[in-house]
Every structure is written in C-alpha cells, then in structure tokens.
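All remarks here apply to the structure that follows.
Every number in this text was worked out from the coordinates using simple rules, so none of it is lab data. Nothing here was measured: the structure is a model prediction, and the numbers come from that model. So basically every Cβ, Gly included, is an ideal-geometry build from the backbone, and we count neighbours across all protein chains shown.
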Amino acid sequence: MFISNDVKYVGVNDKEIDLFEGQYIVPNGMAYNSYVILDDKIAVMDSVDANFGDEWIANVKGALSGKQPDYLIVQHMEPDHSANVARFMAEFESAKVVSSDKAFVIMKQFFGDDFSERRVIVKEGDTLSLGKHNLTFVTAPMVHWPEVIVTYDSCDKTLYSADAFGKFGALDCDEDWTCEARRYYIGIVGKYGMQVQKLLEKAKGLDIKTICPLHGPVLTENLEYHINLYNIWSSYGVESEGVVIAYTSVYGNTKKAVNLLAEELTKLGCPKVTVTDLARDDMAEAVEDAFRYGKIVLATTTYNGDIFPFMREFVNELLERGYQNRKIGIIENGSWAPVAGRKIKQAFENSKNITFTDTVVTIRSAVTEENKTQISNLAKELI
Ligand code: FEO
C-alpha cells in the first residue's frame, strides 16, 4: 500500500477474530493499522493487537531496513493498538515512547511500566520534528478513550486519526467503506458525538489530503464525503430517508403486524423500509440503522410485566448512545396485560427530541381487522 514516499504501512489483518471488542461480529475480520514515518528521525505510529506481535515487529523491521526507530507514537491505549508497546520498547532499546499524560497512566496499568526514562509526554498543540515531517499532536478525548491523541503531519498533509474514520473488516476484503464504518462508529464511538464534533472542529483548521486511521483503509479520495458522514453521525443527524422496523416476535403474531406495516409503508412510497428481527439479526446492525434513519418502529411483546428481553436490550443500546432527534412508532402485543408500549415511552422520557406517533398499535394475541386499520394509520403517520 503506497501512502507517501516516506511512510510505510506496517499493520496487520486479523482473520481469526471471532468478536471485536468481545461483542461485534466482524465477518471480514479486522485490520490493526500501524505506520512508519521515515525521516531524519523515524517514528512508528501505534502498535497492533496482542496476537500479531511477531508479524508487526517483522513488518516494522522490514520498513526500517536495518535502521533504528526513534519514537513509538501511541495515540490510543486500547489493547487492539497498544498491546505490543512493551515489546517494542524491549526490542528497540534506543526508542522513546510519545503519548499523552493520561496514556502513560494506562500504560502503567497494562504493562506495570510507564517508561519514565524513555518517554515524551505531549499535550494539545505540541509538535515533534522528524526532519521534514513536522508532527502536531491534537487531543481527542473520548474518541474513543480519554487519553487519545491524533497526529497531523504537515509535510504529507496527513491526519493520523486513531480510531476516527476506522471501520470493521480486514484490508484484503473488498467491501463498501460506509456500511462497516457506520456500524463501527455507531457501535463503538456513538455515545461520544459531542467529542467527535470537537475533533471535527479542530480538523477544520488543517489542510488534510490523507487520513490514516487505526482500522480500515487509508483514505485519500473524497475526504469531504467521509468527513460529512462523520459530521452527520456525531451530530445525531438523519443520514438516509426511510423507516426502520425493529421487532421481536414469539409466535409470529407481532411479526405478521410488522410485515403488514412494511408492505403498507412500501405502498405509500417510503424510500426505504428496513426490517430487523432483534433476536436473530445482528444487534449492532440494528443499532446502526436506528441512527442512520430518522424514523423507527419498535414492535414487541410484553414479557414478565416488561419489554421483551431483546427489545429491552435494543432500547438500552440506543439510550446508551444518546439516541435523539428521531420519531418512534410502537406496535405492542400482549395476551392479558400489554405494557411494552408504555415502558418504551418511559425509557425515552429523558431523551432529546424524541417524538412518538399518535398511533400505537396494541395487539392482544393476534392481529385483528382493527389492528390492520391502526397499522395503516401508523404507516400514514410515518410517511
Ligand atoms: Fe481501535 Fe478504541 O481501539
């Protein structure tokens, strides 16, 4: 992969991983990116996951061609990037580690060592000259941990963006950037929209031609497109017109209502109807869709006097990420005391700019003719 004459890619592809961060399915694996900047001084940008230490060190040595690195720049201490910091420091004894003060606290927690004799602590706006490559460090707290810094190289006009602009998927798979970058962003960084907005504000002042994230491809084209999506996602805006129907169904009756609603919405010309079964489909994809579209219908049963478990989990996932600026419709089902609709409304009581449709479809066991009329009314309200 060509980045610039002086910058070599030394990251790795993880095709063995089952769940990223212990929870996200990654059908096309994961990339842990790392870069070497070769100048009068040599800097290595971040390390990789623990399982790839040998491969990464070999990649770094290959890029160095016998030279010694001067710096390891640690932008983020989450172990998918930092696991090999101690190993690097043992391997390259003259190198210094460059990071934020908060990162060194976490480093000590992970490695029992914060390299107090071999470290450079950097803060907002600090610079490090490698020769012609002048690096400026920009703090990016909570994008996605508190210690995060990103690094701007004014020579190549490259932003080393840490987790920002990353995606799921190894680099040797051919897949759309947007879908897996969105699922990654909403799932992992979604709660921290305000902090991402702050970073985007700082980035406005930089002339950026290349973005080198810690996951996913290096971005060199159409940067406005990627930055604009990050702006929409982090401001909880609506990216696409359409309706998401997220449901759980025990015996198929709630699902029947969902299918009727989907048909009705399509008939009325809804540009996109996305239906997801929360018990069987990928929850992270459902959460992503909830943030992508502006309208959502939650269809579920009452269970043990509460919301059915998979829907309860889904609602929690939305709340945890600051779900806002959306319209919600409800289909509830209950054979003797349906309360799911009321519980869902209560759950969003403190959410910003959440509105509910006037129509609530209440099914008592099976879909009736009256329910069909309600479903039709709900569809009209959503269009
Ligand atoms: Fe890719 Fe937050 O670590």
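As a rough footprinting exposure proxy, the listed residues Arg182, Arg292 were ranked by other beta carbons within 10 Å of their own, and the order from fewest upward is Arg292, Arg182. Summarising the strand pairing of the chain, around 45 percent of its internal DSSP beta bridges are antiparallel. With axes computed from alpha carbons, what is the tilt in degrees of helix 193-203 against the longest principal axis of the chain, rounded to the nearest 10 within 0 to 90? So the helix axis and the longest Cα principal axis differ by about 40 degrees. Would region 1-73 count as rounded, prolate or oblate if I go by the C-alpha gyration tensor, calling it rounded below 1.5 in a/c and otherwise prolate when a/b exceeds b/c, oblate otherwise? Because a/c hits 1.5 or more and a/b exceeds b/c, region 1-73 counts as prolate. Close amide H partners of Lys167, meaning residues 5 or more places away or on another chain with modelled amide H under 5 Å apart, are His215, Gly216. Most fluctuating residue of Gly11, Gly193, Gly112 in a GNM of the chain with Cα springs under 10 Å: which is it? Evaluated over the chain, the most mobile residue of the options is Gly112.
Its relative contact order, with pairs defined as Cα atoms under 8 Å and 6+ residues apart, puts the chain at 11 percent. Taken over region 182-237, the convex hull of the Cα atoms encloses 84 Å³ per residue. In loop segments of region 295-353 as defined by DSSP, the trypsin sites (Lys or Arg not before Pro) with at most 14 further C-beta atoms inside 10 Å of their C-beta are Lys352.
In this structure, the amide hydrogen of Thr274, modeled 1.01 Å from its nitrogen in the peptide plane, lies closer than 5 angstrom to those of Val243, Val244, Ile245, counting only residues at least 5 positions away or on a different chain.
Placing dummy labels 7 Å off each Cα toward the beta-carbon, the span from Glu381 to Ile232 is 2.6 nm. Per-residue ellipticity at 222 nm for the chain, helices alone: DSSP H runs ≥ 4 residues times -39500 (n - 2.57), over residue total, nearest 500 deg cm²/dmol? Theoretical 222 nm ellipticity from helices: -9500 deg cm²/dmol.
Per-residue Karplus couplings for region 329-338, computed as 6.51 cos²θ - 1.76 cosθ + 1.60 with θ equal to phi - 60°, are listed in order as x, 10, 10, 10, 9, x, 7, 10, 8, x Hz, Gly and Pro entered as x.
Across region 196-328, the fraction of Cα-Cα pairs farther apart than 24 Å, rounded to a whole number, is 42%. Of the GluC sites (Glu not before Pro) in region 69-163, the ones in a loop by DSSP (not H, G, I, E or B) with at most 15 other beta carbons within 10 Å are Glu93, Glu117, Glu124.
What does the C-alpha gyration tensor say about the overall shape of region 34-185? Classify as rounded when a/c is under 1.5, otherwise prolate if a/b is larger than b/c, or oblate. Here region 34-185 falls in the rounded category. With the convex hull constructed from alpha-carbon coordinates only, the chain shows a mean projected area of 19.9 nm² over all directions.
Based on Cα contacts under 8 Å between residues 6+ apart, region 276-318 shows a relative contact order of 43 percent.
When the chain is treated as a Gaussian network with alpha carbon springs shorter than 10 Å, the biggest mean-square fluctuation among Gly169, Gly131, Gly242 belongs to Gly131. Just so you know, the averaged projected area of the alpha carbon convex hull for region 126-238 sits at 7.1 nm². Residue-wise HN-Hα couplings along region 359-373, as the Karplus relation 6.51 cos²θ - 1.76 cosθ + 1.60 with θ = phi - 60° gives them from phi, are 7, 10, 8, 10, 9, 10, 6, 10, 6, 9, 4, 4, 4, 4, 5 Hz; Gly and Pro carry x.
Scalar couplings 3J(HN,Hα) for region 261-272, obtained by applying the Karplus form with A = 6.51, B = -1.76, C = 1.60 to θ = phi - 60°, are 5, 4, 4, 4, 4, 5, 4, 7, x, 4, x, 7 Hz; x denotes Gly and Pro. Separation of the alpha carbons by more than 27 angstrom is noted, of Lys272/Lys327; Lys272/Lys352; Lys67/Lys198; Lys209/Lys352; Lys267/Lys343, for Lys67/Lys198; Lys209/Lys352; Lys267/Lys343. Nearest 10 degrees, 0 to 90: what angle lies between the long axis of helix 309-320 and the longest principal axis of the chain (Cα atoms)? Result, in degrees: 50.
The H on the amide N of Tyr303, modeled in the peptide plane, is under 5 Å from the matching H of Phe308, each at least 5 residues off or on a different chain.
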